[in-house]
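**Q** One structure, pasted below without further comment.
Just so it is clear, none of the values below were taken in a lab; they were calculated from the coordinates. Please read these numbers as outputs of a predicted model, since none were measured by experiment. In this analysis, Cβ positions are derived from the backbone assuming ideal geometry, glycine residues included, and neighbour counts consider all displayed protein chains.
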Amino acid sequence: MAFSRWDPLHDLIALHERLNRMGSVDAPGWSPALDLYETPDRFVVSAELPGLTREDLTIEVHHDTLTLRGVRPHAERPDVRFHRVERGHGAFSRSVTLSAPVDEGAISAEFRDGVLTVLVPKLAASQRRIDIR
């Protein structure tokens, strides 16, 4: 029998992340899973949104924050009694902070097979505006 060393900090961090997703003020109804990664020239956000259509989604960028919003309706059927409802429904909102200035006019998105992918190009160093106060 193989034993593995228990790491209470790892479990605590995992629990903290799960609680944040459940109780975030950003997620009033449910909170779809998403990935955010960065390449040298862009940020890529990928979100799992099964059962939604393009029309159900809104993407907004304000300064350094990208926000995904939408609604997944509950499949209400008067002729059926649900015994378990585990799939989230209702409104959702997920926001991520981007760590570099972005070119808001060049953002693109693709929605395929229930996965939304948003490409957020970084602003080239020569295009960055420096505000003088």
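**Q** Across 5 Å bins from 0, what is the distribution of all Cα-Cα pair distances for region 63-133, in whole percents?
**A** The percentages, shortest bin first, are 3, 11, 15, 18, 13, 11, 9, 6, 6, 4, 2, 2, 1.
**Q** Next question. Going by average Cβ neighbours within 10 Å, how do the peptides 31-42, 80-91 rank, with the highest at the top?
**A** 31-42, 80-91
**Q** Points 7 angstrom from Cα along the Cβ direction at R69 and R81: gap in nanometres?
**A** Distance between the two pseudo-spin positions: 3.9 nm.
**Q** Can you give me the P(r) profile for the chain? Cα pairs, bins 10 angstrom wide beginning at 0, each as a whole percent.
**A** All Cα pairs, binned at 10 Å, distribute as 10, 32, 28, 18, 9, 2, 0 percent.
**Q** Here's a follow-up. Show me, for region 105-117, the HN-Hα J-couplings you get by feeding each phi into the Karplus relation (A = 6.51, B = -1.76, C = 1.60, θ = phi - 60°), rounded to Hz, glycine and proline as x.
**A** Taking θ as phi minus 60°, the curve returns x, 10, 5, 10, 9, 9, 10, 9, 6, x, 10, 9, 10 Hz for region 105-117.
**Q** Related question: Arrange the peptides 115-125, 100-110 so that the one whose residues have, on average, the most other Cβ atoms within 10 Å appears first.
**A** Ranked from most to least packed, the peptides come out as 115-125, 100-110.
**Q** Return the calculated 222 nm mean residue ellipticity for the chain, to the nearest 500 deg cm²/dmol, obtained by summing -39500 (n - 2.57) across DSSP H runs with n ≥ 4 and dividing by the residue count. Kindly include the intermediate steps, with their values, before the conclusion.
**A** Values: 1 runs with 16 residues, N = 133.
So the helix-based figure for the chain works out to -4000 deg cm²/dmol.
**Q** May I ask you to derive the FRET efficiency for L15 and E48 from their Cβ-Cβ distance with R0 = 22 Å, giving the value to the nearest 0.05? Don't skip to the answer; put the middle values down first.
**A** On the way: r = 21 Å, r/R0 = 0.97.
The calculated FRET efficiency here is 0.55.
**Q** Using Cα-Cα distances under 8 Å and only pairs 6 or more residues apart, what relative contact order does region 76-128 have, in percent? Before the final figure, lay out the partial values.
**A** Numbers: 32 pairs, mean separation 14.8, N = 53.
Relative contact order, region 76-128: 28 percent.
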